[in-house]
Amino acid sequence: KNEVEQSPQNLTAQEGEFITINCSYSVGISALHWLQQHPGGGIVSLFMLSSGKKKHGRLIATINIQEKHSSLHITASHPRDSAVYICAVSLDGGSQGNLIFGKGTKLSVKP
Amino acid sequence: NAGVTQTPKFQVLKTGQSMTLQCAQDMNHEYMSWYRQDPGMGLRLIHYSVGAGITDQGEVPNGYNVSRSTTEDFPLRLLSAAPSQTSVYFCASSYSWGSYYGYTFGSGTRLTVV
């Protein structure tokens, strides 16, 4: 069973393009997280969402609790955005330390 | 530098050997957790801790032990390594600030069991 599904699995874009990565989940959650994993392997937390929309620089994350869906948008993409983007959820009533992850979306931005 | 420190970065073990993956954080975070990452799969939770002296199992706990004697340290022990434990292991700590909480991940340990 896949409680967290991401699409697409792989995405290639040209520099400057607007990018959207989608995440759907099938369980009740208390929060949704977007993470970035660089080619070297390090994982960085980008956003935590429980409702609405958040923006940080060229990154925008939205969540629709009723539809159990979240999107991560990258505006004016750049080759340095190339990474794996991972969606993870904290289960409703679960421990803060307990995340369920999607399989990730591998993004490659070409110059 | 503040953060989560994992050691070692790379390790090769023979089947049946035991070892401990170290994880330390200096941010006074209450929550710590261990994940493994395998090709084609999302990260999966092995064990987690909500504070010193308190640990619980995650999705894939078999073959691993943990303890949390201090807030700073959360070691992961492989009791008798098996090839199925070949993976990349990540330790993470998390903090809460009101209704917000965030995660800091270690740089990972790449383990190969032969």
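Derivation of every value follows stated rules applied to the coordinates shown; laboratory data play no part. Remember, predicted model here, so these are calculated numbers, not experimental data. Virtual Cβ from ideal backbone geometry, glycine too; neighbours counted across all protein chains shown.
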Taking 22 Å as R0, compute the FRET efficiency from the Cβ-Cβ separation of B:Gln57 and B:Leu79 and round it to 0.05.
0.95
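Antiparallel as a % of all DSSP beta bridges within the protein assembly as shown, to the nearest 5?
Details: 77 of 86 bridges.
Roughly 90 percent of the beta bridges in the protein assembly as shown run antiparallel, per DSSP.
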Whole-Hz ³J(HN,Hα) from phi, Karplus 6.51 cos²θ - 1.76 cosθ + 1.60, for the range B:100-106, glycine and proline x
9, 9, x, 10, 10, 9, x
Among A:Gly42, A:Val89, A:Pro111, flag the residue with its Cα farthest along the positive direction of the charge dipole of chain A, charges on Cβ as +1 for Lys/Arg and -1 for Asp/Glu.
A:Pro111
Among A:Thr75, A:Asn10, A:Ile21, which residue has its Cα positioned farthest towards the positive end of the charge dipole of chain A, with +1 placed on the Cβ of Lys and Arg, -1 on the Cβ of Asp and Glu, and the dipole taken about the Cα centre?
A:Thr75
Among trypsin sites (Lys or Arg not before Pro) in the range A:21-102, those in a DSSP loop whose Cβ has at most 15 other Cβ atoms within 10 Å are A:Arg58
Taking the Cα centre of chain B as origin, work out the dipole magnitude from +1 charges on Lys and Arg Cβ and -1 charges on Asp and Glu Cβ, in debye rounded to 20.
400 debye
Average projection area in nm² (convex hull over Cα atoms of the range B:7-114, one quarter of hull surface):
6.7 nm²
Spelling out what I want: for every residue of the range A:54-64, take phi, set θ = phi - 60°, compute 6.51 cos²θ - 1.76 cosθ + 1.60 (Karplus), and round to whole Hz; glycine and proline get x.
9, 9, 9, x, 8, 9, 10, 10, 10, 9, 10
Per residue of the range B:30-42, what does 6.51 cos²θ - 1.76 cosθ + 1.60 with θ = phi - 60° give for ³J(HN,Hα)? Whole Hz please, x for Gly and Pro, Karplus curve as stated.
6, 9, 9, 8, 10, 10, 10, 10, 10, x, x, 10, x
Normalised contact order of chain B, rounded percent, pairs of Cα under 8 Å and 6 or more residues apart
35 percent
Take chain A, connect every pair of alpha-carbon atoms lying under 10 Å apart with a spring to form a Gaussian network, then pick out the residue of A:Gly16, A:Gly40, A:Gly28 with the largest mean-square fluctuation.
A:Gly40
Here FRET efficiency (C-beta to C-beta, A:Ser51 to B:Asp38, R₀ 25 Å, nearest 0.05) is 0.20
With a sphere of radius 15 Å drawn around the Cβ of B:Tyr35, what net charge do the other residues whose Cβ falls strictly inside it have (Lys, Arg +1; Asp, Glu -1)?
+1
Please give the contour-minus-distance gain from A:Asn64 to A:His78: 0.36 nm per residue of separation, less the Cα-Cα distance, rounded to one decimal in nm.
2.3 nm
Gyration tensor on Cα atoms of the range A:32-111, a ≥ b ≥ c root eigenvalues, a/c under 1.5 rounded, else prolate if a/b beats b/c, else oblate, says oblate
